[in-house]
Amino acid sequence: MLKYILKRIMLMIPAILATSFIIYFAMDMTGSDPATALAPDNATEEQIEQLREELGLNDPIFVRYGKYMMGMMKGDLGTSYVTKRDVFETFMTRLPNTIQLAFTAVFVATLIAVPLGIYTAIHQNTWKDTGGMVFALFGVSMPNFWLGMILIIIFSLNLKWFPSGAKGGPESLVLPAVTVGLGFAALITRTTRSAMLDVIRQDYMTTARAKGTGERDVIFKHGLRNALIPIITVIGMQLSNALTGSVLAETVFSWPGVGRLIVDSIAKRDTPMVTGAIIMSCVLMCVVNLAVDLIYAFFDPRIKAQYSQKG
Amino acid sequence: MENSSILKVKDLVVHYETDDGCVNAVNGLTFDVGVKKTLGLVGETGAGKTTSALSILNLIPGPAGKIKQGEILLDGHDILKMNQSELEKMRGNDVAMIFQDPMTALNPVMTVGEQIAQVFELHQKASKREAFAEAKKMLKMVGIAESRANDYPHQFSGGMRQRVVIAIALACNPKLLLADEPTTALDVTIQAQVLELMSNLIHDRSMSMILITHDLGVVAEICDDVAVMYAGRIVEIGSAGEVFNETAHPYTEGLFNSLPNLKQQGEELVPIKGMMPDPSNLPSGCAFHPRCPYATENCAKEQPGLRHVGGNHFVACDAYNDAAFTLGGGVN
Amino acid sequence: MVNAKSRSMGQETFRRLLKNKGAVCGMVFLVLLVLISIAAGFVYNYDTDIIAINMSQALQPPNANHWFGTDALGRDIFARMLYGARYSLIIGVGSVAIGLVIGVTLGAIAGFYGGFVDQMIMRTVDVFYSIPNIMIAVVIVSLLGTSTMNLLIALCFTCATSFTRIARASVMTIRDQEFVEAAYEIGLPTWKIILKHILPNCLSPIIVQVTLLIGTTIIAASSLSFLGIGVPLPAPEWGAMLSEGRQHIRDAAYMCIIPGLAIMFTVLALNLLGDGLRDALDPKMKR
């Protein structure tokens, strides 16, 4: 098992390298010239060219990329054009806010969605099922930034229950988390329901009943454990996509997270910040994906067996 | 019929209501299973055999499936009138079932030992440890090494999985075993092994069994009595000797004729003309009449009841209104 | 058991689909939407009706003249909404179409040939899969600039990766079946085997995914436009309209509500249709 974990970590590295290279390359081609940005306003063309040499900007892309990645491992991703602050430091300051938002959203979403999904699967085709499914359908169909604005209109401006912006006490987390979480909840509910429906039809469920197992145990002990794989897949996907969802919620609610950092930096053409933040985000996502894959193995003995043998 | 019957099924009717119409899976099923006897339930796919077996455990998948009427008396108690908790006590304990496909009948995320042990925990109030110990004994009894109790189903071959399924079924010594085509999904060589195992275990424990199969050879080998099903009804029932040697129903005759026979090499196989009827659209009267070489006008009007033709032998065919009628009198 | 009625699979699927009320509503809505977006091009003149600034009429809530009100620059929101449908539909359908062609081709090749080719393709796909849609769009838009076409290209990537996986999985399942071997024996060339024998059997999951993915893409497009890196102003794309609306969330809330409803109902219709297709294509009876 340990061998498998190490192996997956090893495999993750080329993926991260490939991803980061693509991003670095693209941003390099489009971003403003660092020398021009860093040089004082009255610099001559020659002085700028000299600065370019010093900064190593005329080196081939791979060399620059290599240096950049080496820097990343030491925690140095360059300096922002705009704020003149260290990119890495800024990212790490903002990261906890995004993590807080993302995890809260996914946690609450799962807490609501999984039981709802099981409930609707058991009562398939009754009004309880239809109701749950309608909720899930709407949740999946609405753009979450719009939901955020609607929530602000209703709960902030009109009812004045929750604040609409910036990070404050726990009440400021509510609306953003709901915004991010509702879409998740809808998707998780649908997945749970369909996974449970598949499981309910399986032969081993009939075997369990034929043994005399009570209905509740049939569903939870025998059924749910098998349905967990697709459910965990979706939850994992949501976690690693939380960043994406957060970008929008953070923008709508002015939440000081990583997503908004990226968007603001784009608007300000702050290339090092954008590059650094996106690459770091992707690294994070790879790590989360790996963690989710490892959790699978824990739940499904067939997968565990595959991996133990491979290792 | 024998007086000492472990199971009496009377006039069972089971429907499935789907978007495309009503599927009449079982239409007035009546048969008995004698104590310590093995009944072979024979019929082609779609005849309603599995539905009949599931009905005995009251496990017809709702909401589409409904038991419309009938009585199923297990040792005198009507299963169809039992409440949920009585049913749960009965299943696995008094009546157990072996399913057709061992690949899908076992839960992939539980060890085989766990799955067998559950039966003990449910019905004998055993602790987890005791139950697991008993489970290991059951594994040994079906010919699997006890050390494999902690393995998962995917680590076993088809034949071995079926043995596990048998172990689960026999764990609490049920009075009646329902075996739904237990060897159909297995290789031929394994089939023989598994059948022999089942046969021995059943005799050792003095169990009754209903063996559902479409393989007449298997029936001949291990069944005491035979019931032939067609379109959801029993068309012929009797001891194995009676049904095989004194075949009474035209359908049964057709079944035997369509089997290749080494002694008749060189002769053409004689299939039964026509096709199995669509259960959502059954013919009127006797369901077999469109394909029956002996059919008369009357056959389309009334469904024949089971009539006695000797010994323990009953046939659902109005041709026997004429006491002198025998088969072999007309093949088209 | 033989069913004497024999219909082609397409007809049978369509018949089952029609029984699903939700799917029918979805289809009707989508047909109307397409008609509206086509009509909008004829009824409205882009320069005078859609983008012309008219400050005297600014920020009017919905009234008799302007059914959905006007925005901060005095433009009629109703007209902009109808016109805006075009962007969502074109981007949604366009991205998915391009992604479909690329993805299915790659996936079929990967699934069919297996081995090294498979690994190469799938590793590349995995890399793109692990970068979220928005990031890819950001990068592409930075590279190529903000425009409708570039947004379309940016969103293709996610669609393509999705189809690659589905096509590969389906092809791998079918590839080993006997009728494919039979086709070989008769001497059909490989590409024909893939096109005529294998792909038709993979159609079901792909069809369902197309419908659902159009919805996802429309949401992504409007999200990016909302962030300012999608369809450039002054185009009346629904997401961009919401971004403008956000400035006036306190005094002109209607600007924030209406375009979002449009997005939601469009995606809802697509999801209803997609779910209906999934149920209709599933041969197992769910009842």
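Readers should treat all values here as calculations from the given coordinates under stated rules, not as data from a laboratory. This one's a predicted model, so the numbers in the text were calculated from it and none came from an experiment. No Cβ is skipped: glycine too gets one built from the backbone with ideal geometry, and neighbour counts run over all protein chains shown.
Note on the range B:1-113: Cα Rg divided by 2.2 N^0.38 Å, N the number of residues, gives 1.14.
With 20 Å as the cut-off, how large is the P(r) tail for the range B:24-177, expressed as percent of Cα-Cα pairs? Looking at the range B:24-177, the distances longer than 20 Å represent 54 percent of pairs.
Screening chain A for whole DSSP H helices of 30 Å or more along their axis (Cα) with average Kyte-Doolittle hydropathy at least -0.5 returns A:2-30, A:87-122, A:171-200, A:225-253, A:271-299.
Here the convex hull built on the C-alpha positions of the range A:93-310 has a volume of 142 cubic angstrom per residue. A convex hull fitted around the alpha carbon atoms of the range A:210-270 yields 98 Å³ per residue. Volume per residue for the range B:104-199 equals 93 cubic angstrom (convex hull of Cα atoms). Pairwise alpha-carbon distances in chain B exceed 32 Å for 32% of all pairs. For the cross-link pairs A:K221/B:K89; A:K211/B:K136; B:K37/B:K301, the ones whose C-alpha atoms lie over 24 Å apart are B:K37/B:K301. The region of chain B that goes longest without hitting one of the GluC sites (Glu not before Pro) in a DSSP loop, each with at most 11 other Cβ atoms within 10 Å, is B:1-266.
A DSSP coil position with no more than 11 other Cβ atoms inside 10 Å describes the following trypsin sites (Lys or Arg not before Pro) in the range B:83-162: B:K125.
Across the protein assembly as shown the C-alpha pair distances fall into 20 Å bins from zero in the proportions 12, 35, 31, 17, 5, 0, 0 percent. Restricting attention to the protein assembly as shown, close to 65% of DSSP beta bridges with both partner residues there are antiparallel. Summing charges over all other residues whose Cβ lies under 10 Å from the Cβ of B:D318, with Lys and Arg as +1 and Asp and Glu as -1, gives 0. How large is Rg over Rh for the range B:49-114, taking Rg from the Cα atoms and Rh as the Kirkwood inverse mean of 1/r across Cα pairs? Value, to two decimals: 1.00. Counts of other chain beta carbons within 10 angstrom of each beta carbon in peptide B:97-107 average 4.
Near B:D78: Cβ cut-off under 14 Å, other residues only, Lys/Arg at +1 and Asp/Glu at -1. The net charge is -2. Remark: the range B:159-173, residue by residue, has Karplus-estimated 3J(HN,Hα) of x, 6, 4, 5, 4, 4, 4, 5, 4, 4, 5, 8, 3, 9, 6 Hz, where x stands for each Gly or Pro and the curve is 6.51 cos²θ - 1.76 cosθ + 1.60 at θ = phi - 60°. Using the Cβ-Cβ distance between C:K19 and A:W161 with R0 set to 56 Å, the FRET efficiency works out to roughly 0.80.
Counts of other chain beta carbons within 10 angstrom of each beta carbon in peptide C:223-230 average 5. For peptide C:117-129, the mean count of partner chain Cβ atoms within 10 Å of a residue's Cβ comes to 2. Ordering C:95-106, A:218-229 by mean Cβ neighbour count within 10 Å, with the highest value first, yields C:95-106, A:218-229. Each pair of Cα atoms in the range B:155-311 enters the Kirkwood radius, and Stokes-Einstein at 25 °C and 0.890 mPa s then converts it into a translational diffusion coefficient of 137 µm²/s. As a ratio to 2.2 N^0.38 Å, the alpha-carbon radius of gyration for chain C is 1.19. For chain A, the relative contact order comes to 27 percent (Cα pairs under 8 Å, sequence separation of at least 6). Placing +1 on each Lys and Arg Cβ and -1 on each Asp and Glu Cβ, with no other charges, gives the range A:93-310 a dipole about its Cα centre of roughly 260 debye. Find the percent of Cα-Cα distances in the range A:126-249 that exceed 23 Å, and round it to a whole number. Value for the range A:126-249: 47 percent of Cα pairs lie more than 23 Å apart. Only Cα pairs under 8 Å and 6+ residues apart enter the sum, and on that basis the relative contact order of chain B stands at 20 percent. Mean residue ellipticity, 222 nm, helices only, chain B: the sum of -39500 (n - 2.57) across DSSP H runs of n ≥ 4, divided by residue count and rounded to 500, is -8500 deg cm²/dmol. Local charge for B:L195 was computed over the other residues whose Cβ lies under 13 Å away, with Lys and Arg +1 and Asp and Glu -1, and equals -4.
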